[in-house]
């Protein structure tokens with residue numbers, strides 16, 4: 001499978017929006033559950049939730065780094081970057 | 001307790017973000033579309049509005065323009081929320097009158113920083129007694 005560095009994906013703008021939309025609840029609920037598991041002392045579930053969260057951030061970074069604007073320039077997303085909430 | 005109006009048509013995003021904000025001590029009001037968002041802002045006078053831009057009935061840009069054109073709601077800070085990532089989307093939101101802009105998926109710490117900054121500005125320059133105390 002080619003790496004993201006090898007392939008510049010042309011993702012239509014609306015498709016990028018539609019792919020990012022379900023990422024919000026995936027990341028948000030997993031972060032919320034991590035907080036609640038810590039509060040309740042259910043530490044054994046946290047690593048699984050952190051994996052879900054990290055996978056979601058990885059997907060978001062993939063979308064951000066491979067999105068090309070209509071002009072061919074990469075989208076200037078001030079919010080791209082490594083995961084911080086997981 | 002500061003009151004935030006969340007205008008969001010996506011059920012999962014609405015539920016997730018309202019829960020996370022409530023856990024941080026905010027009272028969260030909900031509207032499902034742009035028209036309801038405008039009506040609720042007029043009726044409830046929230047301290048801040050989180051406005052999804054892709055909304056049914058009327059979109060977030062039009063809803064924001066309506067709010068900013070009215071004397072009773074123009075002082076309420078509006079943060080645009082969108083899954084669109086282009087700089088032109090940010091420009092469009094600011095031109096509609098939004099006070100700030102954030103992209104989805106939401107990074108909660110970043111969004112909370114923007115909320116708190118706008119609420120502080122509102123309380124420093126506005127009528128703090130009318131809108132409550134910043135958390």
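Quick note: the coordinates plus some simple rules give every number you see, no bench work behind them. All figures in this text were calculated on a predicted structure; none of them were measured in a lab. Cβ sites come from the backbone with ideal geometry, for glycine too, and all protein chains shown count toward neighbours.
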Over chain B, the sum of -39500 (n - 2.57) across DSSP H runs of at least four, divided by residue number and rounded to 500 deg cm²/dmol, gives at 222 nm -14500 deg cm²/dmol
Just B:113, B:34, B:97 to compare: in a GNM of chain B, with alpha carbon springs under 10 Å, which one fluctuates most?
-> B:113
Separation of alpha-carbon centers, segment B:35-49 and segment B:71-87, rounded to whole Å | 13
How high is the FRET efficiency from residue B:59 to residue A:50, r the C-beta distance, R0 35 Å, rounded to 0.05?
-> 0.45
Which of these, B:41, B:96, B:109, has the largest mean-square fluctuation under a Gaussian network model of chain B (Cα springs below 10 Å)?
-> B:109
Within 10 Å of the Cβ of an average residue in B:97-103, the count of other chain Cβ atoms is 2
Calculated FRET efficiency for the pair residue A:58/residue B:94, C-beta based, R₀ 30 Å, to 0.05 = 0.50
Which distance in nm do the two modelled labels at residue B:39 and residue A:37 give, with both placed 7 Å along the Cα-to-Cβ direction?
-> 4.1
Return A:86, A:53, B:98 ranked ascending by Cβ neighbour count within 10 Å, so the fewest neighbours appear first.
-> A:86, A:53, B:98
Per-residue mean of C-beta atoms belonging to partner chains within 10 Å, peptide A:18-25 | 6
Peptide-level mean, for B:106-116, of C-beta atoms on other protein chains within 10 Å | 3
